[in-house]
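Participant: Structure incoming, see below.
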Amino acid sequence: MILDANSSFVIYQKPNSNTSYLIEGKWTNYTAEKTGFIIQSFNNKQQLILQGEKVELEHQEINITPPLAKNRENDINKNEYIQQVQRFIEVCNTDIHKVVSSRTINYETDSQINIFNLFEAYRKQYKNAFVYVLNIPNHGMWMGATPETIVSKSETSIYTMALAGSQIKTSQPIKWEEKEREEHQFVIDDILEKLIAKNIASQQEETTTIYAGDIAHLHTKINIKSSVKNLKPIADILHPTSAVCGMPQEKAKNFILKNEQHQREFYTGYLGLIDENLYVNLRCMKVYDKKFKLYVGGGITKASNAEKEWEETELKSKTLLSVIEKM
């Protein structure tokens with residue numbers, strides 16, 4: 001099977017699963033009566049849904065041909081990013097309590113990497129992540145391994161999570177600093193306030209530490225008391241979360257759109273099966289022939305340190321880059 005830049009498809013594997021699926025069909029603008037696989041941009045201007053038969057992948061040989069990179073894009077360098085973060089820190093001393101800063105990293109290879117083999121490598125290495133590769137003609141080929149659920153449904157419940165605060169995994173017990181705990185609490189408060197505003201009851205579980213590859217995160221599961229079939233209305237209440245945007249949401253979002261040097265597109269949007277599981281599109285990249293454009297970022301508060309924020313984006317990029325470098 002050959003899939004290329006003109007194909008409309010998604011291949012994905014859910015967290016803690018050993019089964020991958022392929023959906024081929026046609027991407028169209030989302031409307032309320034449609035079901036399927038949805039992807040929504042950070043700024044909500046793109047809400048696309050793929051409808052088609054879901055096929056379990058077993059031993060199929062799949063050749064994914066990525067598009068050519070049309071233009072050479074320059075990365076924001078360390079000094080430029082630190083200056084950007086300093087502006088974000090300064091605004092957190094006003095009426096914005098938290099804002100998320102991000103950047104892109106362009107990584108080029110000498111030869112073409114087999115994209116399906118790369119998907120296989122990600123799904124084997126990051127068992128607790130939602131791993132996918134998809135293509136939307138005229139919007140690009142995207143790939144990622146995201147650890148964050150925006151809203152999911154099991155047989156007995158609907159739930160979301162607060163996932164914020166991160167540091168590198170070591171042999172020593174993780175110790176969380178005030179800045180990281182504060183950032184995480186902002187996310188919890190943001191989720192609870194949004195649900196309360198819509199008269200949706202919820203129950204917060206105990207905060208724990210979870211791992212995505214070599215990165216540790218603070219994690220709090222929040223159970224939602226609702227009986228909806230389509231998860232998009234709840235996702236839209238929560239999106240964009242404090243973890244990817246900031247607080248207050250609209251002020252932080254407007255600041256991001258005016259002050260970041262790139263367009264986020266589908267990065268920090270959400271994606272997944274609309275009636276099963278929806279995930280925040282973190283740890284993701286656009287895929288080209290011999291080139292990958294990674295998106296990374298971190299939450300900024302008035303207690304942030306710009307140098308450490310740069311180091312955090314370098315660390316987060318290793319989730320995707322470490323696997324590419326082994327191919």
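A short reminder: the numbers here are calculations on the coordinates, not readings from a lab. Fair warning: this is a prediction, and the values are worked out from it, not measured in the lab. Ideal geometry is used to build each Cβ from the backbone, glycine not excepted, and the neighbour counts take in all protein chains shown.
Participant: At a 10 Å Cβ-Cβ cut-off, how would you order Arg181, Arg123, fewest neighbours first?
Facilitator: Arg181, Arg123
Participant: Quick one: which of 62-73, 245-256, 130-141, 195-206 comes out on top by average Cβ neighbours within 10 Å, and what's the full order, highest first? Write out the running numbers ahead of the final one.
Facilitator: On the way: 62-73: 14.0, 245-256: 19.4, 130-141: 21.0, 195-206: 11.9.
Top of the packing list down: 130-141, 245-256, 62-73, 195-206.
Participant: Post the alpha-carbon centroid distance, the range 180-232 to the range 261-287, in whole angstrom.
Facilitator: 18 Å
Participant: Can you pull the one-decimal nm distance between simple spin-label points at Glu58 and Ser154, each 7 Å off the Cα toward Cβ?
Facilitator: Reported label-point gap for Glu58 and Ser154 is 3.0 nm.
Participant: Is it possible to state the helix-based mean residue ellipticity at 222 nm for the chain, with each DSSP H run of 4+ residues giving -39500 (n - 2.57), the sum divided by total residues, to the nearest 500 deg cm²/dmol? What is it?
Facilitator: Working: 6 runs with 82 residues, N = 327.
So the calculated ellipticity at 222 nm is -8000 deg cm²/dmol.
Participant: Still on this model: Starting from the Cα gyration tensor of the range 127-215, multiply each eigenvalue by 5, take the square root, and state the resulting semi-axes largest first in whole Å.
Facilitator: On the way: eigenvalues 121, 103, 36 Å².
With the √(5λ) rule applied to the range 127-215, the semi-axes are 25, 23, 13 Å.
Participant: Kindly state, to the nearest 0.05, the FRET efficiency for Ala303 paired with Lys124, given R0 = 41 Å and r defined as their beta-carbon distance.
Facilitator: Working: r = 37 Å, r/R0 = 0.91.
So, using R0 = 41 Å, E works out to roughly 0.65.
Participant: Then there's this: Between His262 and Glu325, take the C-beta separation as r, use R0 = 30 Å, and let me know the FRET efficiency to the nearest 0.05. Provide the component values of the computation, followed by the final result.
Facilitator: Values: r = 23 Å, r/R0 = 0.77.
In this case the efficiency is close to 0.85.
Participant: Which whole-number percent gives the relative contact order of the range 243-315, counting Cα pairs below 8 Å spaced six or more residues apart? Numbers along the way, then the final one.
Facilitator: Working: 55 pairs, mean separation 15.6, N = 73.
Averaging sequence separation for qualifying contacts and normalising by length gives 21 percent for the range 243-315.
Participant: Right, another one. Can you give the charge dipole size of the chain about its Cα centre, rounded to the nearest 20 debye, using +1 on the beta carbon of Lys and Arg and -1 on the beta carbon of Asp and Glu?
Facilitator: 320 debye
Participant: Test of understanding: what is the full-extension gain from Ile82 to Lys175, defined as 0.36 nm times their sequence separation minus their Cα-Cα distance? Intermediate results must be reported in sequence, preceding the final value.
Facilitator: On the way: separation 93, 0.36 × 93 = 33.48 nm, distance 2.49 nm.
Between Ile82 and Lys175, full extension yields 31.0 nm more.
Participant: My understanding is that a pair violates if its Cα-Cα distance is over 20 Å; which of Lys78/Lys308; Lys98/Lys308; Lys194/Lys253; Lys124/Lys326; Lys98/Lys253; Lys153/Lys251 do that in this structure?
Facilitator: Details: Lys78/Lys308 11 Å; Lys98/Lys308 16 Å; Lys194/Lys253 16 Å; Lys124/Lys326 13 Å; Lys98/Lys253 10 Å; Lys153/Lys251 30 Å.
Beyond 20 Å: Lys153/Lys251.
Participant: Also: How large is the direction-averaged shadow of the alpha-carbon convex hull of the range 257-320, in nm²?
Facilitator: Working: hull surface 25.2 nm².
Mean orientational projected area (the range 257-320, Cα hull): 6.3 nm².
Participant: How long is the gain from Glu33 to Asn71 if the chain were fully straight, where each residue apart is worth 0.36 nm and the alpha carbon distance is subtracted?
Facilitator: Values: separation 38, 0.36 × 38 = 13.68 nm, distance 3.78 nm.
Here the answer is 9.9 nm.
Participant: Over 10 Å intervals from 0, what percent of Cα-Cα pairs in the range 203-279 sits in each interval?
Facilitator: Going from the shortest bin to the longest, the percentages are 14, 38, 39, 9, 0.
Participant: Let me ask something else. Considering the zone a paramagnetic label at Thr208 would reach in this model (a point 7 Å from Cα along the Cα-to-Cβ line), which residues of the range 230-271 have amide N under 14 Å from it?
Facilitator: What the label zone holds, given the 14 Å backbone N cut-off, is no residue at all.
Participant: For the range 45-82 and the range 290-327, what is the centre-to-centre distance using only Cα atoms, to the nearest Å?
Facilitator: 18 Å
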